[in-house]
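Notes for the one structure printed next.
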């Protein structure tokens, strides 16, 4: 427990601090609950996206053998030029939200290229877009988990340290001040009795 002074000024300071802690704690607890719910939501979303990715990948692998006829530029065509995201605020946290993937402009001779090339490129792009979306969701989950750890630490700090310590300090100061008051009353009575015994009561009235 931090050191504190045994006086009325310190007592007021600690009472004010306790009110702040008790007012702020419910806000932190609510934030913790919101983060936990959002993590659960994002984990379910990630599971669905990964399942869809697996299905699409298996479908592509079933005909991937024909890609041997594809041009050498195919990999460059399928390499994302830019992944665009927006942000959404959840409990004070900026969460990345997938928007779209930009690919390089594909130009090839329609007469020389196999007829299936357009469909193959579109399917491969869909798979890559889904992979990038999964990456964004995973990044968001990491951000939420980090914020949840920090928020949980703060909740524990207030619940298990700050509030109990402040209450204990207030209790100790109140006992000390009560004892001082009792001692002062006792000393006043003793002084009055001594004055009376010395026959000075009438003179001092």
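Against the test of being farther than 30 Å from residue 46 by Cα and modelled with pLDDT of 90 or more, the options 169, 198, 182 yield a single qualifying residue, 169. Pairs are defined by a Cβ separation below 6 Å, a sequence spacing of at least 6 or placement on different chains, a first member in region 168-182 that is surrounded by 11 or more Cβ atoms within 10 Å (Cβ to Cβ), and a second member that is in a helix (DSSP H, G or I); the pairs so defined are 169/14; 170/14; 173/11.
Looking only at region 70-94, which residues are assigned to a loop (DSSP other than H, G, I, E, B) and at pLDDT 85 or above? Answer for region 70-94, where residues must be assigned to a loop (DSSP other than H, G, I, E, B) and at pLDDT 85 or above: 78, 79, 80, 81, 91, 92.
Yes or no, residue by residue, for (1) at pLDDT 95 or above; (2) outside any helix (DSSP H, G or I):
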| residue | (1), (2) |
| --- | --- |
| 2 | no, yes |
| 39 | yes, no |
| 55 | yes, no |
| 60 | no, no |
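The values are calculated or read from the model by the stated rules, or taken from the named source; none is laboratory data. Remember, it's a predicted structure, so these values are computed and weren't measured experimentally. With ideal geometry, Cβ positions are generated from the backbone for all residues, glycine too; neighbour counts draw on all protein chains shown.
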